[in-house]
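Notes follow the structure.
Readers should treat all values here as calculations from the given coordinates under stated rules, not as data from a laboratory. If you're wondering where the values come from, they're calculated on a predicted model, not measured in any experiment.
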Amino acid sequence: MVRKASELSEGSKVMSEQNFGCNLTLNQAIAKIYPDCRNFKYPHGPAGTKFKNGTFVSFNGREGTVIYGYADFADKKKVPLSQQNRNDLMKLGLLQ
């Protein structure tokens with residue numbers, strides 16, 4: 001059996017050093033994207049939590065593996081963003 005390169009394994013991530021600012025708190029930004037976000041369960045920890053293996057908790061509670069940028073919110077700095085989180089925040093005009 002042929003193995004893939006180790007940097008392509010599931011735990012790896014492609015980092016983008018794009019940094020954004022947002023005047024809202026993290027929870028306010030999540031509520032703008034998902035108006036019913038109170039129904040989300042966060043089994044891995046609070047949204048924006050980054051783990052030592054490079055994965056993170058995305059805004060919908062799932063574990064993300066690829067970081068497409070970081071956002072500084074009013075209450076939390078350097079929050080990792082999934083591609084969908086970044087695109088949604090940009091579409092709403094919330095990122096600077």
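Tabulated data
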item	result
Rg/Rg_ref, the stretch 13-91, where Rg_ref = 2.2 N^0.38 Å and atoms are Cα	0.98
Integer Hz, Karplus 6.51/-1.76/1.60 couplings in order for the stretch 46-59, x for Gly and Pro	x, 4, x, 5, 10, 9, 4, 7, x, 7, 8, 8, 7, 5
